[in-house]
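As structure tokens, the structure follows; a few thoughts come after it.
What follows is calculated from the coordinates using simple rules that are stated; it is not laboratory data. Predicted, not measured: the structure shown is a model, and the values here were computed from it. All Cβ positions, glycine included, derive from the backbone under ideal geometry; neighbour counts span all protein chains shown.
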Amino acid sequence: MINIHLTVATIVQNQGRFLMVKENDQGRIVYNQPAGHLEHGESPVDGAIRETLEETAWQVGIDHLVGIYRWCPPDKPDHTYIRLCFAGHPQHHHQQRALDKKIIEALWLTPEQLAQLHPHHRSPMVMGCIRDYLAGKIYPLELLQDVFPEAGVLG
């Protein structure tokens with residue numbers, strides 16, 4: 001049986017730096033974009049906004065889809081992670097807001113700093129998303145469609 005995990009992540013760039021989180025992943029200190037699992041009934045865009053706020057205290061607007069990524073961790077052969085990665089922009093920093101328990105800190109890093117931290121990224125998807133974003137790979141949010149069975153239409 002395959003365990004599929006649907007996650008959302010947000011790339012937020014400001015003045016040449018990317019909003020990242022330093023977090024504790026089962027005793028290992030890792031770096032990641034603000035990211036997490038999509039909650040039941042939540043749209044991917046809403047999930048990306050929520051996760052970014054919970055993990056960084058930054059309210060963001062979502063502008064584009066960067067890509068859809070699949071990763072199968074070698075140490076968990078029955079797990080598959082599907083990441084919807086979005087690009088957004090900072091709107092407001094809630095400085096007094098507490099971050100999720102697993103988050104050590106939110107920080108702004110340059111692409112060079114991120115590359116140096118590569119061995120400590122949570123997954124290979126972290127740098128893959130950044131590379132695609134820097135290469136201009138962005139797609140309209142309209143690619144994602146919700147189906148509303150009660151109305152029989154897409155929305």
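In segment 32-65, which residues are in a strand (DSSP E or B) and in contact with a Leu (Cβ under 9 Å, 6 or more places away or on another chain)? Across segment 32-65, the qualifying residues are 37, 58, 59, 60, 62, 63, 64, 65. Does segment 86-99 hold any residues that are surrounded by 12 or more Cβ atoms within 10 Å (Cβ to Cβ) and out of contact with any strand residue (DSSP E or B) (no Cβ under 8 Å at 6 or more places or on another chain), and which are they? Scanning segment 86-99 gives a single hit, 97.
Within segment 47-66, none of the residues are free of Cβ contacts under 8 Å to residues at least 40 places away in the same chain and in contact with a Phe, Trp or Tyr (Cβ under 7 Å, 6 or more places away or on another chain). Being in contact with a Ser or Thr (Cβ under 6 Å, 6 or more places away or on another chain), surrounded by 15 or more Cβ atoms within 10 Å (Cβ to Cβ), under 18 Å from residue 144 (Cα atoms) and not charged (D, E, K, R) is a description that applies to residue 10. Annotation note: of 119, 34, 77, 111, the sole residue that is over 27 Å from residue 145 (Cβ atoms) and touching a helix residue (DSSP H, G or I) at 6+ places or on another chain (Cβ under 7 Å) is 111.
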